[in-house]
């Protein structure tokens, strides 16, 4: 069972699997120059430094039958269809028409959020290549009542199970969308979690209007807070980009300490830090991951975030607007 409280002492089964290099070093903490992110946790073992630790975390989590079922290769509900062949004849529409069609299709096929942005180098992990010019980001909301039963334990893994269930829904959503694009004669590739590959979804999601980076290292959306998961599709279909959505979450995080106070291993700092040439919110990986491992995925910071409570974000935005008027 995961230990609660600020006197958390990590299990040696996790601390003993750390390599010599810090995860924070791999992630670029303290670096003054901008660069592409390094392939890291959740990437294939031959592309990262912490693969032994990752395997220990996965094996430990899958001692839970409920988690093991949802993270299996054939979970309830599935993870979506295999790719279809790309149609030889391209359907011709304007970028505006394709953008509308893409969003309508996604929202009608298991997506709760959809946004579009042009590909940038910082969206691609080192050692990978993406040739398509567009990134379509998909968001799927998690059930807050289940997420709030955190941290998950072997006795009650509800918070971990809902994360796995929504990763599977996100996978279905992006695969369905990719096949829709392929059937219209354009190239499309689906990217689904929790495992990572070429695409760094977080900055692409911010650029496509999903929200702002929170102090807890996850996105804050104006509707769902941090209670949602991502998947994506890259494509050469002509599209129009969305704009970032800044509604005050970043400023709110500078004053709020809900997640940093609640974090059992004290991994969340109250100030932004320099990461690959940018001052940003950053979660200490070396402190976070042992608790993440022991607590079956944790999710304390996501559930405790005031933005995640259903119906609360509108009140926060209204209060922020009043503050700016003073």
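Read-outs: derived from the displayed coordinates by stated rules, not from any lab. Not measured: the values here are computed from a predicted model. Methodologically, a virtual Cβ is constructed for each residue, glycine included, from the backbone with ideal geometry; neighbour enumeration extends over all protein chains shown.
Using the Cα atoms of the range 84-145 to build a convex hull, what is its mean projected area in square nanometres? Could you put the intermediate results ahead of the total?
Numbers: hull surface 27.1 nm².
The directionally averaged projection comes out at 6.8 nm².
Size check on the range 53-211: the Cα extents along the three principal axes, sorted descending, read 54, 33, 31 Å. Quick note on the chain: its Rg to Rh ratio, both from C-alpha atoms and Rh being the Kirkwood radius, is 0.96.
Against the chain, whose longest principal axis comes from its Cα atoms, helix 158-182 is set at around 20 degrees. Principal semi-axes of the equivalent ellipsoid, √(5λ) from the alpha carbon gyration tensor of the range 121-170, are 32, 13, 8 Å from largest down.
Using C-alpha pairs under 8 Å with a sequence gap of at least 6, the mean separation divided by the residue count of the range 1-71 gives a relative contact order of 26 percent. Hey, quick one: spin label on residue 90, modelled 7 Å out along Cα-Cβ, who in the range 164-189 has an amide N within reach, i.e. under 19 Å? Output list for this probe position: 178-189. Averaging 1/r over each pair of different alpha-carbon atoms in the range 234-295 and inverting the result gives 14.4 Å, the Kirkwood hydrodynamic radius.
Direction-averaged projected area, Cα convex hull, the range 47-129: 9.1 nm², rounded to one decimal. Summary of packing: across the peptides 264-277, 139-152, the per-residue average of other C-beta atoms within 10 Å ranks them, highest first, as 139-152, 264-277. For residue 197 and residue 251, the difference between the fully extended length at 0.36 nm per residue and the C-alpha to C-alpha distance is 16.3 nm.
From its DSSP helices (H runs of at least four residues, each -39,500 (n - 2.57)), the chain gives a residue-normalised ellipticity at 222 nm of -10000 deg cm²/dmol. Using the empirical formula 2.2 N^0.38 Å as the baseline, the Cα radius of gyration of the range 1-115 reaches a ratio of 1.59. Taking packing as the residue-averaged number of other Cβ atoms within 10 angstrom, the listed peptides 80-91, 308-319, 278-289 run from highest to lowest as 278-289, 308-319, 80-91. Across the range 251-326, the volume of the C-alpha convex hull divided among the residues equals 103 Å³ per residue.
May I ask for the angle, rounded to the nearest 10°, between helix 312-325 and the longest principal axis of the chain, with both axes built from Cα atoms and the value confined to 0 to 90°? For helix 312-325, the angle is close to 90 degrees. Top mean-square fluctuation among 214, 248, 297, Gaussian network model of the chain, C-alpha springs under 10 Å? Evaluated over the chain, the most mobile residue of the options is 248. Put the Cα centre of the range 266-282 next to the Cα centre of the range 210-259 and the gap is 16 Å.
The mean sequence separation of alpha-carbon pairs under 8 Å and at least six residues apart, normalised by the residue count of the chain, gives a relative contact order of 25 percent. If I fit a long axis through the Cα atoms of helix 51-61 and take the longest principal axis of the Cα atoms of the chain, what angle between them do I get, 0 to 90°, rounded to 10? Result, in degrees: 80. The mean sequence separation of alpha-carbon pairs under 8 Å and at least six residues apart, normalised by the residue count of the range 221-326, gives a relative contact order of 37 percent.
Rg ratio for the range 75-118: its Cα radius of gyration over 2.2 N^0.38 Å, N being its residue count, equals 1.44.
Ordered by the number of other Cβ atoms lying within 10 Å of each residue's own Cβ, fewest first, 154, 71 fall into the sequence 154, 71.
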